[in-house]
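The values are calculated or read from the model by the stated rules, or taken from the named source; none is laboratory data. The model shown is predicted, which means the values in this text are computed figures rather than measured ones. Using ideal geometry, Cβ is built from the backbone for each residue, glycine included, and neighbour counts are taken over all protein chains shown. Ligands, DNA and RNA are excluded from the accessible area calculation, which covers all protein heavy atoms including side chains. Shrake-Rupley method; radii C 1.70, N 1.55, O 1.52, S 1.80 Å.
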Amino acid sequence: MRVGIARERRSGERRVAATPETVRQLAGLGLEVLVEHGAGAASGHSDAAYEAAGAAVVDALELGDLDVLLHVRPLDPETPPRLRRGAITVGLASPSTELPTVRALRDAGVTAFALELVPRISRAQSMDALTSQALVAGYRCVLEAAMRLPRFFPLFMTAAGTIPPARVLVLGAGVAGLQAIGTAKRLGARVSANDVRAASADEVQSMGGTFIHLDLDAADAGGGYAKELGADRAARQRQLLAPHVADADVLITTAAIPGRPAPLLVTADMVRAMRPGSVVVDLAAESGGNVEGSVPGADVAVPTADGGTVTVVGMQDAASTMPADASRLYAKNVANLLALMTHDGSVEPDFGDVVVMDACLTHDGEVRHPPTAEAIAAEAALNETGPTDATHGPDAQEGTR
């Protein structure tokens, strides 16, 4: 069977879906691997390295001839119709925000596997791309903050005086947050953190951070994620966090809720209350932002009350800023999932396997992921009915504000 590795074309994306190491793994399974020219250049892998690993390097992939297509970023809606019916794709799909592509995959009869949907169970840890890429992103956030902060992270005792360590506050103690805590701690900062999940306190302390206990009940959801807080509780959370944010030299926010916009944790007023020269890094900027006013891929200077500024960094393509190791981890996630479905040189998904079943987004002309199927059905129903008379009345207008 022919497996194609595409060159990523989205602006800013430097990762690749297969490395020479994983090409050897796939070739060892009896698969024929085709790599598009230059696919690994940005992550440090030459065409010659792929050829030495057993792949054939081609100027352009003939999508209609492929049995499997491996990718990093979600495909564009124009790609699925070019694949043959029954072809398999494996990669990140962002199904909640890429509904046109999901519809295209369904209509083209493509069997698509979304790495975001891989279940968080022990057996699937080696296929969990969200975790591997969050590790890279959390590390990078601290480096971005350290490069912008106009002072040292560690404590220094010198003949000219003592320099206290920087105070770093991390909001969100998932994989990215824990990596940020550990990295900031290794750089010598004094680190504190908060998360609404019940297990967070022990996890934060295990990385050397101090957990901030707020007067709020835990808000755990399935799969190790936090659930969205109601409006009143979210406002109370911000109120309780405000003094801790004001006391921080560096604030790093990593909170995310799968399939939903990122929760707002820090308002513009909270940022303005920080000391001049402080740095805020919002890892969730691309999904709506944990910090009010953050802009993906940009630094925003927020004036403080005493005439200084706080730098708000909106992270974009965080994992792609470290493409060599990000690709090393991501490509292994992809190869391990594909290996699970490969038998005697043929990729044959076993939908009786919970990992395969849960990771499947579309198959045989159907959307297999229930929340995405519901979103597509709701969108179709809205397009068919259009706005009703009730939506134009004053009561309806008030209810949608």
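Within segment 318-332, the presence of at least one residue that is part of a loop (DSSP other than H, G, I, E, B), more than 21 Å from R238 (Cα to Cα) and open to solvent by less than 20 Å² (accessible area, probe 1.4 Å) is confirmed.
When segment 133-187 is filtered for residues that are touching a helix residue (DSSP H, G or I) at 6+ places or on another chain (Cβ under 6 Å) and of a type in the set (G, A, S), the ones remaining, listed by number, are A134, A137, G138, A173, A176, A180, A184. Filtering segment 271-292 to residues that are surrounded by fewer than 22 Cβ atoms within 10 Å (Cβ to Cβ) and either modelled with pLDDT of 95 or more or within 22 Å of F152 (Cα to Cα) (or both) leaves R272, A273, R275, P276, G277, E292.
Applying the selection to segment 12-53, what residues are at positive phi and touching a Pro at 6+ places or on another chain (Cβ under 9 Å)? Answer for segment 12-53, where residues must be at positive phi and touching a Pro at 6+ places or on another chain (Cβ under 9 Å): just G44. Condition check for G40 on (1) open to solvent by less than 10 Å² (accessible area, probe 1.4 Å); (2) over 21 Å from the mean Cα position of the chain (by Cα); (3) of a type in the set (G, A, S): one failure, at (2). Has segment 18-29 got any residue that is among the hydrophobic types (A, V, I, L, M, F, W, C), touching a His at 6+ places or on another chain (Cβ under 9 Å) and free of Cβ contacts under 8 Å to residues at least 40 places away in the same chain? Scanning segment 18-29, I find no residue that is among the hydrophobic types (A, V, I, L, M, F, W, C), touching a His at 6+ places or on another chain (Cβ under 9 Å) and free of Cβ contacts under 8 Å to residues at least 40 places away in the same chain, so the answer is no.
Each row is one residue, and each column tells you yes or no for (1) touching a Cys at 6+ places or on another chain (Cβ under 7 Å); (2) within 21 Å of L241 (Cβ to Cβ); (3) buried (at least 18 other Cβ atoms within 10 Å of the Cβ).
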| site | (1), (2), (3) |
| --- | --- |
| A134 | no, no, yes |
| P150 | no, no, no |
| R186 | no, no, no |
| V191 | no, yes, yes |
| A199 | no, yes, no |
| M207 | no, yes, yes |
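In the set (1) within 20 Å of D282 (Cα to Cα); (2) over 24 Å from the mean Cα position of the chain (by Cα); (3) open to solvent by 70 Å² or more (accessible area, probe 1.4 Å); (4) at pLDDT below 95, P243 fails one condition alone, (4).
Residues in segment 333-350 that are polar (S, T, N, Q) and either surrounded by fewer than 23 Cβ atoms within 10 Å (Cβ to Cβ) or more than 17 Å from T89 (Cα to Cα) (or both): N336, T342, S346. Can you tell me how many residues within segment 99-127 are out of contact with any Asp or Glu (no Cβ under 7 Å at 6 or more places or on another chain), within 21 Å of H363 (Cα to Cα) and part of a loop (DSSP other than H, G, I, E, B)? Counting residues in segment 99-127 that are out of contact with any Asp or Glu (no Cβ under 7 Å at 6 or more places or on another chain), within 21 Å of H363 (Cα to Cα) and part of a loop (DSSP other than H, G, I, E, B) gives 2.
Pairing each residue of segment 347-364 that is farther than 23 Å from A27 by Cβ with any residue that is among the polar types (S, T, N, Q) and part of a helix (DSSP H, G or I), provided the two are 6+ apart or on different chains, yields C-beta distances under 8 Å for L361/T372.
Within segment 87-116, the residues that satisfy the criterion of being open to solvent by 30 Å² or more (accessible area, probe 1.4 Å) and modelled with pLDDT of 95 or more are P100, R103, R106, D107.
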